[in-house]
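Presented below is the structure to which this report refers.
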Number of protein chains: 2
Amino acid sequence: MSRPVLILGGGPAGLSAAQALVAAGQQAVVVDKADRLGGAPILSGYAKLVPSGEWARDAIGGMVSRVEASPGVRILRGETVRHFEGEPGAFTATLASGEKLEVGAAILASGFTHFDSVNKPEWGFGTYPDVVTTTQVEQMFSSGKGVRCPSDGRTPKRVAILLCVGSRDRQIGREWCSKICCTVSSNLAMEIREELPDCHVYIYYMDIRTFGLYEDKFYWESQERYKVKYIKARIAEVTSDGQRLIVKGEDTLVKRPITIPFDMVVHAIGMDPNVDNLEIAATFGVKLEKHGHLLKAPTYSAMGGTSRPGVFVAGAATGPETIDDSIAQGQAAAFAAFGVMRGAMPVAAE
Amino acid sequence: MSRPVLILGGGPAGLSAAQALVAAGQQAVVVDKADRLGGAPILSGYAKLVPSGEWARDAIGGMVSRVEASPGVRILRGETVRHFEGEPGAFTATLASGEKLEVGAAILASGFTHFDSVNKPEWGFGTYPDVVTTTQVEQMFSSGKGVRCPSDGRTPKRVAILLCVGSRDRQIGREWCSKICCTVSSNLAMEIREELPDCHVYIYYMDIRTFGLYEDKFYWESQERYKVKYIKARIAEVTSDGQRLIVKGEDTLVKRPITIPFDMVVHAIGMDPNVDNLEIAATFGVKLEKHGHLLKAPTYSAMGGTSRPGVFVAGAATGPETIDDSIAQGQAAAFAAFGVMRGAMPVAAE
């Protein structure tokens, strides 16, 4: 069959879907609103990925290169889909440019949007320059400049990482857990300690969710080998005494207030639904779950189904997700789409 | 190409791999040591699965039925692989029966082994009949008999679920987190409360790891709607006063000893490496990671690789895994194997 599969989004899930389709001899069209592929790990300049420890620019950049070099994949950068009509096997996607694409199936690999820390103003982001996000620390590493206080470029002696910024927080309408921030933060803490052996690193947490094999590889290792300190706390506010940042809160293990000074405070920001999800859902005629992520059907009969036959979903578009699982889901959705192309589902007559 | 793909294990990962291969027109052979397919959810009689809420016998049983009805899949029950030789595209698997299978690639979807609670004797399993495991509670639900104390068949008024039994425990050589027990336990607690509205249910935990969208769907819901009580504690021992079970430990939030009586104590048992992993690794010539799970290669270039080209891995064989992710990984590994069959990797001359 000659129609390609439409893939919306060129991050880890979309790239893996494209790689998988090409390997099966199935053509694909990747549409990404950004002017380059790679999704969050590339566009946001992630450093070393968990759990592999490979640099994002090598690991995800390598996926980008392979997809870009594939004759079976057409790539449309800086492009969006405006209309999507038809039936499994025979859809028509109308792009913002006006071009119409005849495709057989679609995979929504449209990812997430980083939580914007200005929505948690009492924790100091936007007020104090040395309150930064995990993404900014990733960029400090990936740029090769190292961890420095933005205010004056000095090397921090004391760093606090605050978990669950924009996650597990009903007050600001983010009830979900962002799944991977605990592990990413443990890893970043170790990298800070590696670069700056004299720097003390504290992690403020509600629960440490280094699930599966991440437990000893990241959580235990960060404590035992890197001497990262973990404080179970409710954080009240981040202020400044004019010289240093002050993190105030309650240590929930000893049940008393704690006030500790730091040079740098890092928000471990969560994963919001993609800001475009309402538009994506309307365009593709698929449902959202209650928080605004794309609704994923149960997986037992076909992986990555949405509420619309022939339209599949993979990765963080469905909710906070790891890169590894996004890649697996991208390949799984590719296989489901491939099944449609081979007539595994009812295909409307053309 | 006429050679099939060998799939070792007929649980969720192996079944999804088989389904995916068939959808792509690729033949498969599923080899399972058990006399029926379905893996842990079927063989251990799981009840309603997280997160979908579907019964295991319907959801996973449906996968079994579809695979069993597929002309492209040969199923060998009660069978094992003794030797595995050759190169990608041209392997020979020798079965215990002596039969030789010519296959093009292999997917190790050999799963895990439930932790045996007798290895944590101070927590009462094996000593007191009303100390049971999550698997036994699943069976109480799936059998339709409901939750009853094994000692005398009475309806429990107070149930304690102890998390991390056989997980995150260096003393007994299980350093990993079993990933899904927190969510499964929250779900079981709600089901107990649904069946027995007068029964009080407590969950003893170190950290609650209901990651991603499981946070409010399971953790918050269990507290707010079902009034399940969570106690952060270190458990010392489970004993009996002759009438009821006594859970002794330290409440780590209030820093004091707690001693609470229960009618039933449930061990949320972890996921051990498959007891056969040493043999599987030797037979297939693949490496184990340090805990004894099958070693998974980084995912960026090909999903589910092992240390041996042409041999892939999916699901809980690589470490504790959810059913959803096992299914995605099964499909992803299927696609990787399919790529080998199409010559995407170097194929040895026959």
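The values are calculated or read from the model by the stated rules, or taken from the named source; none is laboratory data. Worth saying up front: this structure is predicted, and the values here are computed from it rather than measured. For neighbour counting, all protein chains shown are included, and Cβ atoms are generated from backbone atoms with ideal geometry for every residue, glycine included. When the accessible area is computed, the model is the full protein with side chains, heavy atoms only, and any ligands, DNA or RNA have been set aside. Shrake-Rupley method; radii C 1.70, N 1.55, O 1.52, S 1.80 Å.
Worth pointing out:
- Test: residue in region A:81-93 that is more than 19 Å from A:Pro12 (Cα to Cα), not in a strand (DSSP E or B) and not charged (D, E, K, R): yes
- Considering residues of region A:228-241 that are in contact (Cβ under 8 Å) with a residue 60 or more places away in the chain and of a type in the set (A, V, I, L, M) only, the residue nearest to A:Ile203 (Cα to Cα): A:Ile235
- Qualifying positions in region A:301-317 - within 8 Å of another protein chain (Cβ to nearest Cβ) and either open to solvent by less than 10 Å² (accessible area, probe 1.4 Å) or in contact (Cβ under 8 Å) with a residue 40 or more places away in the chain (or both): A:Met303, A:Gly304
- Count of residues meeting criterion [surrounded by 15 or more Cβ atoms within 10 Å (Cβ to Cβ), in contact with a Ser or Thr (Cβ under 8 Å, 6 or more places away or on another chain), charged (D, E, K, R) and not in a strand (DSSP E or B)] in region A:234-288: 1
Each row is one residue, and each column tells you yes or no for (1) small (Gly, Ala, Ser); (2) buried (at least 24 other Cβ atoms within 10 Å of the Cβ); (3) in contact (Cβ under 8 Å) with a residue 12 or more places away in the chain.
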{"residue": "B:Glu102", "(1), (2), (3)": "no, no, yes"}
{"residue": "B:Ala105", "(1), (2), (3)": "yes, yes, yes"}
{"residue": "B:Ala109", "(1), (2), (3)": "yes, yes, yes"}
{"residue": "B:Gly146", "(1), (2), (3)": "yes, no, yes"}
{"residue": "B:Ser185", "(1), (2), (3)": "yes, yes, yes"}
{"residue": "B:Ile192", "(1), (2), (3)": "no, yes, yes"}
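- Some residue of region A:322-329 being part of a helix (DSSP H, G or I), in contact with a helix residue (DSSP H, G or I) (Cβ under 8 Å, 6 or more places away or on another chain), open to solvent by 30 Å² or more (accessible area, probe 1.4 Å) and within 11 Å of chain B (Cβ to nearest Cβ): yes
- Candidates B:Arg244, B:Arg209 - the one that is more than 30 Å from A:Thr322 (Cα to Cα), at pLDDT 95 or above and out of contact with any His (no Cβ under 7 Å at 6 or more places or on another chain): B:Arg244
- Some residue of region B:26-34 being of a type outside the set (Val, Ile, Thr) and at pLDDT below 95: yes
- Among residues of region A:221-233, those that are open to solvent by 70 Å² or more (accessible area, probe 1.4 Å) and within 11 Å of chain B (Cβ to nearest Cβ), counted: 1
- 2 or more residues within 23 Å of B:Asn187 (Cα to Cα): qualifying strands (runs of 3 or more DSSP E) within region B:102-172: B:112-114, B:131-133, B:158-165
- Flag for A:Ser97 being of a type in the set (S, T, N, Q), assigned to a loop (DSSP other than H, G, I, E, B) and without any contact (Cβ under 8 Å) to a residue 40 or more places away in the chain: yes
- Taking (1) within 14 Å of chain A (Cβ to nearest Cβ); (2) crowded, with 22+ Cβ neighbours inside 10 Å; (3) not in a helix (DSSP H, G or I) in turn, B:Phe218 satisfies each apart from (3).
- Failed criterion for A:Asp130 (all others in (1) within 27 Å of A:Cys182 (Cβ to Cβ); (2) open to solvent by 20 Å² or more (accessible area, probe 1.4 Å) hold): (2)
- Here region B:16-65 is the region considered, the condition is being surrounded by 20 or more Cβ atoms within 10 Å (Cβ to Cβ), under 14 Å from the mean Cα position of the chain (by Cα) and assigned to a helix (DSSP H, G or I), and the residue that is nearest to the other protein chains (Cβ to nearest Cβ) is B:Ile60.
- Region A:242-270 residues that are closer than 24 Å to A:Tyr46 by Cβ, paired with ones that are open to solvent by 60 Å² or more (accessible area, probe 1.4 Å) (beta carbon under 6 Å, 6 or more apart): A:Asp263/A:Lys157
One line per residue, one yes/no per condition, for (1) more than 27 Å from A:Phe338 (Cα to Cα); (2) not basic (Lys, Arg):
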{"site": "B:Gln26", "(1), (2)": "no, yes"}
{"site": "B:Arg36", "(1), (2)": "yes, no"}
{"site": "B:Ala59", "(1), (2)": "no, yes"}
{"site": "B:Gly62", "(1), (2)": "no, yes"}
{"site": "B:Ala69", "(1), (2)": "no, yes"}
{"site": "B:Thr80", "(1), (2)": "yes, yes"}
